[in-house]
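Following: one structure in structure tokens, then a few remarks.
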Amino acid sequence: MAFSLFGKKDKNKADELVAQDLTQRVEEIPLNQIMPNQFQPRTVFDQEKIEELAETIKIHGLIQPIVLREMEENSEESRYEIIAGERRYRAAVYLEMETIPAIVQEFTDDESAALALIENLQREQLTPIEEAVAYQSLLEMNGVTQEALAKQVGKSQSAVANKLRLLKLPKGIQEAVLAKEISERHARSLLALESEEDQLKVLDKIRDNHLNVKQTDELIREFLTKKR
């Protein structure tokens with residue numbers, strides 16, 4: 001049976017995970033036995049922020065353990081998968097720590113995927129595209145409405161819908177948002193153009209001329225007028 005985050009029991013489970021119940025036994029797990037979560041929505045990690053976190057850990061220690069699950073099929077090199085705490089894990093790797101404090105819990109593949117996505121949505125500053133991909137993954141895994149998903153993640157339905165619309169844009173524009181070459185508002189303006197060719201042409205003009213959102217909207221209006 002597929003894991004659902006949207007029942008009361010499962011919502012409590014997700015909330016408990018994010019809170020990381022420290023009454024559970026904390027173990028010291030070797031870093032070389034840990035692998036990132038395959039459903040991690042974040043595609044870009046800010047190395048400078050990882051190093052800042054590492055400096056904090058170096059001074060104060062790791063206050064909050066990461067959460068892992070033991071893989072059913074594992075090798076000596078990758079015995080555990082991260083459920084919550086990849087930034088802390090990366091900081092520990094940067095510090096060349098041998099082990100990291102962790103809570104090991106039992107999760108199915110569906111639970112691992114859903115909880116990793118929820119943990120990132122609640123804790124991390126994902127880019128708009130990463131957030132949209134996370135929402136889409138949760139919708140596909142759980143078969144729920146945008147409204148139900150919005151309630152679960154504490155967003156309005158329109159906010160979730162606006163993020164999901166970004167996935168209709170060409171890959172080149174999505175990559176520009178990921179790289180922070182253009183803003184989410186720039187990207188949403190480009191949705192007014194029907195063809196991918198036109199969207200990419202305007203993207204080039206935004207980059208070349210460093211257009212702000214207002215200038216972009218004006219350019220798109222001119223573009224649409226000429227098309228009529």
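Considering only Ile83, Pro41, Pro30, and ranking their Cα positions along the charge dipole of the chain that arises from unit charges at the beta-carbon of Lys, Arg, Asp and Glu, the one farthest toward the positive end is Pro41. Pairs Lys171/Lys214; Lys180/Lys227; Lys168/Lys214; Lys171/Lys226; Lys58/Lys155; Lys58/Lys168: which exceed 32 Å Cα-Cα? Lys58/Lys155; Lys58/Lys168, as the Cα separations exceed 32 Å there.
Considering only the other residues whose Cβ falls under 13 Å of the Cβ of Ala150, what net charge follows from Lys and Arg at +1 and Asp and Glu at -1?
In short, +1.
In the set (1) 20.5, 67; (2) 23.7, 71; (3) 18.1, 69, the label that goes with Rg and Dmax of the Cα atoms in Å computed for this structure is (1).
In the neighborhood of Ile50, defined by Cβ-to-Cβ distances under 9 Å, what is the net charge if each Lys or Arg adds +1 and each Asp or Glu adds -1? Local net charge: -1.
The charge dipole of the chain, taken about its Cα centre with unit charges on the Cβ atoms of Lys, Arg (+1), Asp and Glu (-1) only, comes to about 1380 debye.
Note that region 30-46 has calculated 3J(HN,Hα) couplings of x, 4, 6, 9, 10, 10, x, 6, 5, 9, 4, x, 6, 9, 10, 10, 6 Hz, one per residue in order, obtained from phi through the Karplus relation 6.51 cos²θ - 1.76 cosθ + 1.60 (θ = phi - 60°); glycine and proline are x.
Helix-only mean residue ellipticity at 222 nm, the chain, DSSP H runs n ≥ 4 weighted -39,500 (n - 2.57), per residue, nearest 500. What is it?
-17000 deg cm²/dmol
The antiparallel fraction among DSSP beta bridges confined to the chain stands at about 55%.
Rounded, prolate or oblate: pick one for region 56-190, where a ≥ b ≥ c are the square roots of the eigenvalues of its C-alpha gyration tensor, a/c under 1.5 means rounded, and failing that, prolate if a/b is larger than b/c, else oblate. Cα axes put region 56-190 in the prolate bin.
Stretching Gln38 away from Leu191 to a fully extended chain increases their span by 52.1 nm, per 0.36 nm per residue minus the current alpha-carbon distance.
Since every read-out is calculated from the coordinates, none of them should be taken as a lab result. Because the structure is a prediction, the values reported are computed rather than measured. We place every Cβ from the backbone using ideal geometry, glycine too, and count neighbours over all the protein chains shown.
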